[in-house]
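Here the structure comes first, spelled out in structure tokens, and everything after it is commentary.
The values are calculated or read from the model by the stated rules, or taken from the named source; none is laboratory data. Since the model is a prediction, treat every value here as computed from it, not as a measurement. Quick reminder, even Gly has a Cβ in these numbers, built from the backbone with ideal geometry, and neighbours come from all protein chains shown.
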Amino acid sequence: MDEREAIARSKEGEVDGFNWLVARYERQVYNLALSMLGNTHDAEDAAQDAFLSAYRSIRSFKGAAFKPWICRIAANSCIDKMRYRSRHPAFSIEDNPVEPKSYAPADQPEEVALRTELRSFIDSKLGLLPSDLRLTVVLVDVQGMSYDEAAQVMGCALGTVKSRLSRGRRQMRRLLCADKELLPDKYRHYI
């Protein structure tokens, strides 16, 4: 089955078609949500909300590519969760930082620790960006989308993506430079 067939089957109400789409894009949607929200619990909820919303409205899908559409829904779900969190702050003992990725067994423990520390530091600074800039940086720099794909996901013009990315990168540089001493030694000269 390919993407077009899966979309057509989904529109006809076949769950197998939609399950194929979920299997193909679940990792990208989850990683987008994790980068936007900063914790696994909220990322899982946002990804699930995105796929439920997509399932409910698949019949209205008119695009040729499913990826920008589902990423747009996921991004909106993340923005909704961030708005909710800002209005209803909650503190929990169970709130965990982003879990480190598994590494190849050949990696030295020091390297794993450095990468984990760097990832945590960057994620904490990324979380300080306004949601529109954070989404742009995540889509282009973290997810590796092209400017055109990011514009589709964000529902804005290509120039808007470029300007938000420029502002987001500039703010990230400022935030990282402000706490440069917290960066591992080998990365300080990049800032």
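Between a first residue in region 37-60 that is farther than 26 Å from L129 by Cβ and a second residue that is of a type in the set (F, W, Y) and surrounded by 14 or more Cβ atoms within 10 Å (Cβ to Cβ), which pairs have beta carbons less than 7 Å apart while being 6 or more apart in sequence or on different chains?
Y55/F18; I58/F18
What tally of residues in region 59-83 results from selecting those that are of a type in the set (S, T, Y) and either assigned by TED's automatic domain parsing to the domain that holds L139 or over 18 Å from the mean Cα position of the chain (by Cα) (or both)?
Here the count works out to 1.
For region 1-17, state whether one or more residues are modelled with pLDDT under 90 and within 20 Å of V140 (Cα to Cα).
No, region 1-17 contains no residue that is modelled with pLDDT under 90 and within 20 Å of V140 (Cα to Cα).
State all residues of region 54-87 that are polar (S, T, N, Q) and modelled with pLDDT under 85; if no residue qualifies, say none.
The first filter runs over region 54-87 and keeps only residues polar (S, T, N, Q), leaving 57, 60, 76-77, 86.
Hit for region 54-87 is S86, nothing else.
In region 59-75, what residues are crowded, with 17+ Cβ neighbours inside 10 Å and closer than 14 Å to A151 by Cα? Can you show your working first?
Our first condition is that a residue be crowded, with 17+ Cβ neighbours inside 10 Å; within region 59-75, this holds for 66-75.
The answer is K67, P68, W69, I70, C71, R72, I73, A75.
Of all residues in region 40-58, count the ones that are buried (at least 19 other Cβ atoms within 10 Å of the Cβ), of a type outside the set (D, E) and within 28 Å of L126 (Cα to Cα).
6
Looking at (1) surrounded by 14 or more Cβ atoms within 10 Å (Cβ to Cβ); (2) modelled with pLDDT under 90; (3) not assigned by TED's automatic domain parsing to the domain that holds M154, which is the only condition L118 fails?
(3)
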